[in-house]
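Comments concern the structure below.
The numbers here are math on the coordinates, done by the rules we state, and not lab data. Computed from a prediction, not measured in an experiment: that's the story for all the values here. Cβ placement follows ideal geometry from the backbone for every residue including glycine, while neighbour counts extend to all protein chains displayed.
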Amino acid sequence: MNQEEVSEQTPAVLKVGRSTYVGVFLVTLATLMYELLLTRLFSVVLWYHFAFMAVSLALFGMTLGAILVYLQPQRFRQERTIQGLVQSAMWFGLSVAASLVFFVWPPPVQSNSIIYLFVAFTVTAVPFVCSGICVTLALTRFPRQVGKVYASDLAGAGTGCLMLLLVLGITDALTTMVVVAAIACFAAWCFGYAAQRRLSATSAVLSSVLVVAALTSGILSSRQLPPLRLQYVKGQVETQKQYEKWNTFSRIAVYGNQEEFGRPVARGVSSELLANYRVRQLLLNIDASAATQLVGFDGNLEAHRYLADDVTNVAHHMRPDSDVLVIGAGGGRDVLSALLFKQRSIVAVELNKDIIETVNGRYGDFTGHLDRFPNVSFVNDEARSYLRRQQRQFDIIQVSLIDTWAATSAGAFSLTENSLYTREAWGTMLDRLTPTGLLSFSRWYHQQRPEETYRLIALAASALRERGVQNPRDHMLVVRSTENMDDAARFPDIASLVVSPSPLTGNDLDVMRRVAEASRFSVILSPEESLSSKFTVLADGGLPPDGTLDLSPPTDDRPFFFQMLRLRDAIRPAGVYATREVGRSSSVLASSLVIVVVLTVLCIVIPLMITAKNIAAAVRGSWHLLVFFAAIGLGFMMVEVSLLERLIIFLGHPVYSLSVVLFTLLLAAGLGSFVSQRLVSNGQNRRRFVVLSTLVAGLVIIGTLVSPAVSWYQASETWVRTVVAVVVLAPMGALMGTAFPLGMQLASQLRPGLTPWLWGVNGALSVTGSVVALVVAVTVGITAAFWTGVASYALAWLAFVAAHGSLDRPAT
């Protein structure tokens, strides 16, 4: 019997027991946990850009699993469905456990080589293939209960998002991987305990062993004695750590000797001025790429007088006796600087609560318990959200070298940028300044091409013009450090941009000249002077001609401050940009787009060519189904990614936003799938048409209301904004959840044996959609990405109408 004949047979009817629903729930729960966990591990072990690949790997692996079910009908016969569910779930768990080897075993080749990356992605993709086989069998072998099965699928995936938050809050990432493996093996037991007793017993034993291993590893890790350790991070051997703590959006690690004195690490200070200082300091590293210092402080501020010569602290010279807001408290260095200048009050906002606990708790005796000073307060919050809720005003708002090179768990979408670098965010910060207050932003300054400073100036000018300022240059100045490190090739200078709601006075400029001379700074832009014409054009609100870099001011709709290299230039040599991060992110995104398109072709076109004798006839007979499942796969990802990007700014916390978006969308989609099963049964063609029409219309209506809702409730309390987000997301998720089961019902009537392949098409376009959504958001905007998703659902509606027409036509 050939493949084409198999595809036309109607499968026998199988009944779904409650344990099967539980098994599907647990498999997709474990799959989402593993996917999001890889975004964390890739961000630490490789670079944060590769965290994005975890989503594509997950979608591609699951799609490949679906294709394997389609290509091997004899192995996955209908009567062997339960056995296939048990085996695939068990192998899913075992392959997750086996993938630990990649992280805990020293690599035989360089960790930045193509071979290493290929091995990394292959090893970590295998579990998704096994999961894809399991989910495909569950969704295609029970056509009468496909709505309920799909509901279990999405509910499990949504719960997996919250489960990862819980587990990573308790233990480390590698132990969490063991937990994921145990859940998958337990799912295998759920599938087979009634019909596959021998396999079920094996999976139960494996699950028990993995639970014991996870408990043991978790206990030892809590005592800083982890049995599972990362061997290589960012291409280097992982050195001995004093302390390590994981959470859903970072791994923090502390290195160094608390008793050792050395020259201060202060890259904004001239090396010569640092020569006479010796301090104790520890390195606090975030995801092995973003570092901050824990400075030993015994109450003697004069021992840290070098901080007065740091270019990041220029605003303190201009505004003494001030109320200060520090955004990104980190190791507490900016707080210590404000204390040195004897500022009136200091509020330090830090997104990562584990950093605050590390600085003021575990290492509080070393850092001098900065939180105990009467004029200092630490706040665990996202700064923009915090500022929106404040009524008080500050004399100085300081933001020093805050970036997103350490990926959040939304790092699946690695180009998710810090929401502080948008025109709207700067408007909020300027509103919270006193009339003569100062907003200070510090970034790296590369002498050959200072692209970050360029864009900061463009952003400042745009924010000031939004406030009605006619001459933005009169309100800003930029100074940079010089001779900040011995190795200038490795460490660039630092530039600080100071912006005020009011024009800077002559006294402000005189103070800055004196400070610049004493501290060996260089004034590169002020109301009276400019280092180059490009600085002048940007400060006046214009954009100089530049064929490579996008220096336009970022907005909430395009919040990609660090994404300055246009995608069309992503394949150019590294010399076209000064900062390698600028080029790397664009290259990864462009390469990912090419890779997923190629994989989509391999997963769709090649199997069709292999399995269909008459390709033209196969396409002509099922084109409407292909278009339908492709469109809903692409549409779901476009809508999901765009909403995630939008609500990160609205909810004010990337991990919180990820949890709310994924949990609400997936759970609501599961509910929609369940309800669609009740509302529409086989043969009720008109009702299917009504449900899908409601889906498209609902997306249009709700999508139109999103922006006004975000604007109306932006300054509300966190719980109010969360409720608003859920109210917006839940109807969208429920509507989108109806499409897949309705399509499967129709496919079971038209081409029943083709359903695994259609599931593969849906997954392949979801892979493509995860990248295309980012490409559209980066190049055009988040709003355009959302409406592209809505257009995909409209296309699916048209394909569904065509499919209904084929039901009414007599077979030829």
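What does the C-alpha gyration tensor say about the overall shape of the stretch 310-351? Classify as rounded when a/c is under 1.5, otherwise prolate if a/b is larger than b/c, or oblate. Verdict is prolate for the stretch 310-351. Subtracting the Cα-Cα distance of Glu357 and Trp623 from their residue separation scaled by 0.36 nm leaves 90.0 nm.
If I take R0 = 30 Å and measure r between the Cβ atoms of Gln240 and Leu117 in this structure, what FRET efficiency does the formula 1/(1 + (r/R0)^6) give, to the nearest 0.05? Efficiency, from the Cβ-Cβ distance: 0.65. Here the scattering of the stretch 737-808 is modelled by Debye summation over its C-alpha atoms, one equal scatterer each and no solvent; at q = 0.11, 0.13, 0.16, 0.20 Å⁻¹ the log10 of I(q)/I(0) is -0.35, -0.47, -0.67, -0.91. Segment Gln224..Tyr713, full-extension length gain: 171.7 nm, with 0.36 nm per residue of separation and the alpha-carbon distance subtracted. For the pair Gln447 and Ser502, the difference between a 0.36 nm per residue extended length and the Cα-Cα distance amounts to 16.9 nm. The Cα trace of the stretch 197-328 gives Rg and Dmax of 22.3, 76 Å, the first to one decimal, the second as a whole number.
The HN-Hα couplings worked out from phi for the stretch 739-745 by the Karplus form 6.51 cos²θ - 1.76 cosθ + 1.60 (θ = phi - 60°) are 5, 5, x, 5, x, 5, 4 Hz, whole numbers, x standing for Gly and Pro.
Between Gln393 and Leu705, what's the calculated FRET efficiency when r is the beta-carbon distance and R0 is 51 Å? Round to 0.05. Each step should come with its number before you reach the end.
Working: r = 33 Å, r/R0 = 0.64.
Computed FRET efficiency for Gln393 and Leu705 comes out at 0.95.
Database remark: amide H of Asn247 closer than 5 angstrom to the amide H of Ile252 (H placed geometrically; neighbours at sequence offset of 5 or more, or on other chains; Pro and chain starts carry no H).
Compute the FRET efficiency between Leu71 and Glu466 as 1/(1 + (r/R0)^6), taking r as their Cβ-Cβ distance and R0 = 51 Å, and round to the nearest 0.05.
On the way: r = 57 Å, r/R0 = 1.11.
The computed FRET efficiency comes out at 0.35.
Extent along the principal axes, Cα only, for the stretch 693-736: 35, 17, 8 Å, with the longest axis given first. Simple spin-label estimate for Arg513 and Ala791 gives 5.6 nm between the two label positions (7 Å along the Cα-to-Cβ direction from each Cα).
Give the residue list of GluC sites (Glu not before Pro) in the stretch 428-523 that are DSSP loop and have at most 15 other beta-carbon atoms within 10 angstrom. Please report the intermediate quantities before stating the final value.
Working: sites: Glu451, Glu452, Glu466, Glu483, Glu517; in loops: Glu483.
In loop regions of the stretch 428-523 (DSSP not H, G, I, E or B), the sparsely surrounded GluC sites (Glu not before Pro) are Glu483.
3J(HN,Hα) along the stretch 180-186: 4, 4, 5, 4, 5, 5, 5 Hz, from the Karplus curve 6.51 cos²θ - 1.76 cosθ + 1.60 with θ = phi - 60°, whole Hz, x for Gly and Pro. One quarter of the surface of the convex hull around the alpha-carbon atoms of the stretch 294-379 equals 4.9 nm², the direction-averaged projected area. Give the dimensionless ratio obtained when the Cα radius of gyration of the stretch 117-177 is divided by 2.2 N^0.38 Å. Compared with the compact-globule rule of thumb, the stretch 117-177 sits at 1.43. With contacts taken as Cα pairs under 8 Å at a separation of at least 6 residues, the stretch 175-262 carries a relative contact order of 20 percent.
Label sites at Leu679 and Glu528, each approximated as a point 7 angstrom past Cα along Cα to Cβ, lie 7.0 nm apart.
Close amide H pairs (under 5 Å, H built 1.01 Å from N) link Ile494 with Tyr445, Ser481, residues at least 5 positions away or on another chain. The 3J(HN,Hα) values that the Karplus relation (6.51, -1.76, 1.60; θ = phi - 60°) gives for the stretch 771-784 are, in residue order, 8, 4, 4, 5, 4, 5, 5, 5, 8, 10, x, 5, 4, 5 Hz. Gly and Pro appear as x.
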